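Enquirer: A single structure is presented below for examination.
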Amino acid sequence: IHNNGNANHTHVEVNDEMFGGILNQPMGDDGNGILEKGESWIYKRTYTITQNDLDNKGIPVIGSGKISNIAKVKSLELPSPTEDRVDVDIQNNPSINLVKTGKIDRDFKTVTYTFKIKNTGNVTLNDLVLTDLKFTEPIR
């Protein structure tokens, strides 16, 4: 946060619900707890993207493709909160790998096939259906 006004601010509160509410321990404060004219305070937090965030393609708005976050700041001198929002694009990378192997059985009349499917992407894959020209029905 930056004080670009002409007055100092006391009892500054930065609120970010994604990180549990009121943030503390800003960098840049000269130790007096007053956001002085021209002074900037920096708060850093890290959000770990969850599998659910990826699968839902967004938080808090499902399907938005973004992680959206709003922070608010207020002080004794400016009691109505000012807010800022940032949207970060989610990188969904669905990917799948299939390895098919075959082994002739001891009777030398049949072949047993093994299909190894691996999710190599970062999203959960649902309702997979494996088809093969050698079989008339999908393999589930």
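Enquirer: Under 30 Å between alpha carbons: how many lysine pairs meet that in region 3-140, if sequence neighbours fewer than 8 apart on the same chain are excluded?
Expert: Pairs that pass both the separation and distance tests number 23.
Enquirer: Carbon-plus-sulfur fraction of the accessible area of the chain, 1.4 Å probe, in percent?
Expert: Whole-percent figure for carbon plus sulfur exposure: 52.
Enquirer: Highest GNM mean-square fluctuation, the chain, Cα pairs closer than 10 Å: which of N119, N32, N56?
Expert: N32
Enquirer: Let me ask something else. Can you list, largest first and rounded to whole Å, the semi-axes you get for region 8-140 by taking the square root of 5 times each eigenvalue of its Cα gyration tensor?
Expert: Gyration-tensor ellipsoid for region 8-140: 57, 14, 9 Å.
Enquirer: I would also like to ask the following. On a full-extension model of 0.36 nm per residue, what is the gain between F19 and I34, subtracting their alpha-carbon distance, rounded to one decimal in nm?
Expert: Difference between extended and current length: 3.1 nm.
Enquirer: Please give the length that would be gained between K57 and V88 if that part of the chain were fully extended, namely 0.36 nm times their separation in residues minus their C-alpha to C-alpha distance (nm, one decimal).
Expert: Using 0.36 nm per residue and subtracting the Cα-Cα distance, I get 10.0 nm.
Enquirer: Please calculate how many Å² of accessible area the chain carries per residue, with a 1.4 Å probe and no DNA, RNA or ligand atoms counted.
Expert: Heavy-atom accessible area per residue stands at 75 Å².
Enquirer: With N set to the residue count of region 31-95, report its C-alpha Rg divided by 2.2 N^0.38 Å to two decimal places.
Expert: 1.55
Enquirer: Normalising by the residue count of region 2-140, find the relative contact order in percent from Cα pairs under 8 Å and 6+ residues apart.
Expert: Worked out over region 2-140, it gives 18 percent.
Enquirer: Roughly how many whole Å is it from the C-alpha centroid of region 5-41 to that of region 119-136?
Expert: Distance between centres, Cα-based: 51 Å.
Enquirer: In nm, what is the difference between 0.36 nm times the number of residues separating K118 and T46 and their Cα-Cα distance?
Expert: 22.9 nm
The values are calculated or read from the model by the stated rules, or taken from the named source; none is laboratory data. Only a predicted model underlies this, so the values are computations on that prediction, with no experimental measurement involved. Remember, those area values only see protein heavy atoms, side chains included, never the ligands or the DNA or RNA. Shrake-Rupley method; radii C 1.70, N 1.55, O 1.52, S 1.80 Å.
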